[in-house]
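The values are calculated or read from the model by the stated rules, or taken from the named source; none is laboratory data. This one's a predicted model, so the numbers in the text were calculated from it and none came from an experiment. Here the Cβ positions follow ideal geometry from the backbone for every residue, glycine too, while neighbour counts run over all protein chains shown. Each accessible area value is taken on the protein alone, full model and side chains, heavy atoms only, with ligands, DNA and RNA left out. Shrake-Rupley method; radii C 1.70, N 1.55, O 1.52, S 1.80 Å.
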Amino acid sequence: MSQHSSRQLAFWALKAVHEGTYADVALNRVLQHPTSDVERRLATELLYGCTRRQRTLDALIDQFAKKPAHQQPPDLRTLLHLGLYQLRYLEQIPVSAAVNTTVELAKQNRLSGLSGFVNGLLRRYARQTDDPLTLPTDPVQHLGVQHSYPDWIIEVWLSQLGAAETELLCIYLNQPPALDIRVNTLKTTRAAVQEQLEAVGIEVEQIAHLPQALRIQDNAGPIPQIPGFKEGWWTVQDASAQLVSHVLDPQPNSVVVDICAAPGGKTTHMAELMQGQGDIWACDRTSSRLRKLQQNLTRLDIHNVQQWTGDSRSLPEQIPPADSLLIDAPCSGLGTLHRHADARWQQTPQTVKQLNQLQSELLAASAQQVKPGGTIVYATCTLHPDENECVIEAFLNNHPGWSIEPPDIAAAHTTWQESSGWMKIWPHQRAMDGFFIAKVKQNIA
């Protein structure tokens, strides 16, 4: 085994995740080590896969070891995750390779004395002819162990979808995410970008109802090296996120305020929809994230955006009243768990309560920033009613001068919405990130 094999890199990264590091940060750190593209891809799969499937892998350790997973030495638990993940989920890796490389990894990481235990546990698992995973009879725990989610998330989804649809959602959010891009219509056309990508062998398809969207079908390599990125012909943005700006429908020469703007995906999209005409104020409380927004503005050659750093619950007088305002609210991200492998273990019912308060405060403050007759679009990438429907309903109850404004279906480039007038996108039904989008309008007295 080479010094920087994919499994060694994944082991280092997974250790960091178990100690509290974000998965993408841990991966970026270990990928600074020299290694081949093949090893990089496998290290990525192992890290994200083991992180997503943590509860299932722990359940297997509970079954096959005398001590439960949480009582195992941390490094041993991490090694067993790597071995069991390969045996259970990576059919392309032979059993012998999965077992032998994990045993060797134990020896290389000061666990030689436990290498026999690792070998024995993995081989006992591999000898099973049927699925050895024992599932609880409780329906919530059954889904949680089988698909590796906390019980509280399963409960939230079951209350909205029922068991069959919840399982489909669990399965979808355990798959690697698609790569969607948004064509910068200030510089080029979707047809031109599609032609350019297909000319170098990158397979893409157009996404129905979204006029700037393309989905890349295969692994096209590092994003900055894909043709057209450096030139600003396109940017990465999921289809659901593109839908948000279409629902807002910003008009040329209007004033738009984006109060949670960084890193700028929706800010730049609104500028494109406004044809570069009018004023956009991009506000965010994190200066480092606004620097990323500036990089995107520069690359996409967008010039009608002004920035402000601070808490958007207290906007300064220099920001003018808006014709339309976007709140892409901080949220628990339950609609994008396929993109953020560790998010399911970081969020809790308590963090949702805290987010609900922040979301409600942002919405109430934004109502003071909009012209009479103006509109607000409130959007999240979560699937929790406490952060979505409950926030909007409480706002409307407390602000009688406001009402739901069902999106203009033609302008929003979509064919569906809830009977309530807002939109809720379930990933397994639409093959895009989970989102909630509500448009509210201030009534003119």
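Looking at LEU355, is it open to solvent by less than 40 Å² (accessible area, probe 1.4 Å) and under 30 Å from THR51 (Cα atoms)?
Answer is yes for this residue.
Looking at ARG124 and the list (1) modelled with pLDDT under 95; (2) surrounded by fewer than 16 Cβ atoms within 10 Å (Cβ to Cβ), which single condition is not satisfied?
In the conditions (1) modelled with pLDDT under 95; (2) surrounded by fewer than 16 Cβ atoms within 10 Å (Cβ to Cβ), ARG124 misses (1) alone.
For the range 221-237, what are the residues that are crowded, with 19+ Cβ neighbours inside 10 Å and either aliphatic (A, V, I, L, M) or at pLDDT below 95 (or both)?
ILE226
For residues that are hydroxyl-bearing (Ser, Thr, Tyr) and over 32 Å from the mean Cα position of the chain (by Cα), tally how many sit in the range 67-121.
Matching residues across the range 67-121 total 3.
Report every pair of residues separated by at least 6 positions or lying on different chains whose Cβ atoms are under 7 Å apart, first residue within the range 134-145 and without any contact (Cβ under 8 Å) to a residue 12 or more places away in the chain, second among the hydrophobic types (A, V, I, L, M, F, W, C).
LEU135/VAL145; PRO136/VAL145; HIS142/LEU135
So the check is Cβ under 8 Å with 6+ separation or different chains; which pairs have a first residue in the range 109-130 that's under 18 Å from GLN72 (Cβ atoms) and a second one that's open to solvent by less than 70 Å² (accessible area, probe 1.4 Å) and of a type in the set (Phe, Trp, Tyr)?
ASN109/PHE11; LEU121/PHE64; ARG124/PHE64; TYR125/PHE64
Specify the residue that is farthest from SER6 (Cα to Cα); the eligible residues are those in the range 132-150 that are open to solvent by 20 Å² or more (accessible area, probe 1.4 Å) and β-branched (Val, Ile, Thr).
THR137
Can you find a residue in the range 363-377 that is within 29 Å of LEU158 (Cα to Cα) and modelled with pLDDT of 95 or more?
Among the residues of the range 363-377, at least one is within 29 Å of LEU158 (Cα to Cα) and modelled with pLDDT of 95 or more, which makes the answer yes.
Results for (1) buried (at least 20 other Cβ atoms within 10 Å of the Cβ); (2) more than 30 Å from ILE153 (Cα to Cα), shown as yes or no for each residue.
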| site | (1), (2) |
| --- | --- |
| LEU293 | yes, yes |
| ASP311 | no, no |
| GLN318 | no, yes |
| LEU325 | yes, yes |
| ASP342 | yes, no |
| PRO349 | no, no |
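Looking at (1) touching a strand residue (DSSP E or B) at 6+ places or on another chain (Cβ under 6 Å); (2) surrounded by fewer than 16 Cβ atoms within 10 Å (Cβ to Cβ), can you tell me which one THR129 breaks?
The number of the failed condition is (1).
Need the failing condition index for SER360 against (1) surrounded by 20 or more Cβ atoms within 10 Å (Cβ to Cβ); (2) assigned to a helix (DSSP H, G or I); (3) among the hydroxyl-bearing types (Ser, Thr, Tyr), just the number.
For SER360, the failing item is (1).
May I ask you to list pairs of residues, at least six apart or on different chains, whose Cβ atoms are under 7 Å apart, with the first in the range 285-303 being of a type in the set (Lys, Arg) and the second being open to solvent by 50 Å² or more (accessible area, probe 1.4 Å)?
Going by the 7 Å Cβ cut-off, the qualifying pairs are ARG285/THR309; ARG285/ASP311; ARG289/PRO263; LYS292/PRO263.
Within the range 253-267, identify whether any single residue is modelled with pLDDT under 95, surrounded by fewer than 22 Cβ atoms within 10 Å (Cβ to Cβ) and not hydrophobic (A, V, I, L, M, F, W, C), and answer yes or no.
Within the range 253-267 (the criterion being modelled with pLDDT under 95, surrounded by fewer than 22 Cβ atoms within 10 Å (Cβ to Cβ) and not hydrophobic (A, V, I, L, M, F, W, C)), the answer is yes, since at least one residue qualifies.
Report, by residue number, each residue of the range 220-251 that is of a type in the set (S, T, N, Q), under 18 Å from the mean Cα position of the chain (by Cα) and either under 18 Å from THR298 (Cβ atoms) or part of a loop (DSSP other than H, G, I, E, B) (or both).
THR235, GLN237
So, in the range 381-432, how many residues would count as being small (Gly, Ala, Ser), at pLDDT 90 or above and at negative phi?
Matching residues across the range 381-432 total 3.
Could you list, in sequence order, all residues of the range 374-384 that are open to solvent by less than 10 Å² (accessible area, probe 1.4 Å), of a type outside the set (A, V, I, L, M, F, W, C) and outside any strand (DSSP E or B)?
THR382
So that you can scan it fast, the table gives a plain yes or no per residue for (1) in a helix (DSSP H, G or I); (2) over 27 Å from HIS209 (Cα atoms):
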residue: SER314; (1), (2): no, yes
residue: ASP323; (1), (2): no, no
residue: HIS338; (1), (2): no, no
residue: ALA341; (1), (2): no, yes
residue: TRP345; (1), (2): yes, yes
residue: LEU355; (1), (2): yes, yes
residue: ALA365; (1), (2): yes, yes
residue: PRO372; (1), (2): no, yes
residue: PHE395; (1), (2): yes, yes
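Filter the range 145-159 for residues that are in contact with a Gly (Cβ under 7 Å, 6 or more places away or on another chain) and either at positive phi or in a helix (DSSP H, G or I) (or both) and give the result.
Selection gives ASP151, ILE154.
Evaluate the following for THR51: is it more than 19 Å from ALA106 (Cβ to Cβ), surrounded by fewer than 23 Cβ atoms within 10 Å (Cβ to Cβ) and among the hydroxyl-bearing types (Ser, Thr, Tyr)?
No.
Out of ALA106, ALA98, report the one residue that is aliphatic (A, V, I, L, M), at pLDDT 95 or above and touching a Gly at 6+ places or on another chain (Cβ under 7 Å).
Of the residues listed, the single one that is aliphatic (A, V, I, L, M), at pLDDT 95 or above and touching a Gly at 6+ places or on another chain (Cβ under 7 Å) is ALA98.
Tell me, yes or no, whether the range 73-87 has at least one residue that is open to solvent by 20 Å² or more (accessible area, probe 1.4 Å), among the charged types (D, E, K, R) and not in a loop (DSSP other than H, G, I, E, B).
yes
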